[in-house]
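Visitor: Let me give you the structure first, and then I'll get to my questions.
None of the figures in this text is laboratory data; all of them are computed from the coordinates on show. Owing to the predicted nature of the structure, the values given are computational and were not obtained by experimental measurement. Cβ coordinates were reconstructed from backbone atoms using ideal geometry, including for glycine residues, and neighbour counts include every protein chain displayed.
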């Protein structure tokens with residue numbers, strides 16, 4: 001019998017929203033209870049997910065919203081200091097933080113949908129407050 005997940009999965013986006021080596025799906029999370037960002041992208045036919053936080057400096061890495069890959073669309077590159085990561089496993093191959101890994105998130109595709117499983121450290125951010133009428 002499979003043990004139930006501690007946190008229910010959350011639908012991120014339709015599978016077709018993630019084009020091979022294209023822009024990432026960026027979403028808000030809470031890391032240890034504080035606001036942060038995360039992303040999912042398709043690389044070599046598989047969806048991968050990471051915290052949008054460089055291992056070198058706690059800064060977001062995309063050089064434009066949702067754009068993490070270099071111009072050849074081979075590596076994830078931090079826009080701040082140029083740390084270069086293998087998209088398939090988040091391993092830093094060059095630059096500051098070499099030898100470390102991005103914080104991976106559990107993401108999977110099922111039924112035309114990309115799903116994320118929160119964990120004890122990375123949880124869903126609450127929805128923004130609804131606007132009020134004056």
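Visitor: What order, most packed first, do the peptides 120-132, 23-35 have when packing is the mean number of other Cβ atoms within 10 Å of each residue?
Guide: 23-35, 120-132
Visitor: Grab the beta carbon distance between residue 11 and residue 101, set R0 = 35 Å, and tell me the FRET efficiency rounded to 0.05. Walk me through the numbers on the way to the answer.
Guide: Values: r = 26 Å, r/R0 = 0.74.
Using R0 = 35 Å, I get an efficiency of 0.85.
Visitor: Shifting gears a bit: With label points built 7 Å along Cα→Cβ from the Cα atoms of residue 79 and residue 130, find their separation and express it in nm.
Guide: 3.3
Visitor: I've got another one for you. Sort segment 10-124 into rounded, prolate or oblate with this rule: let a ≥ b ≥ c be the square roots of the eigenvalues of the Cα gyration tensor; rounded if a/c is under 1.5, and if a/c is not under 1.5, prolate when a/b is larger than b/c, oblate otherwise. It would help to have the intermediate numbers written out before the result.
Guide: Numbers: a/c = 1.79, a/b = 1.19, b/c = 1.50.
It comes out oblate by the Cα gyration axes.
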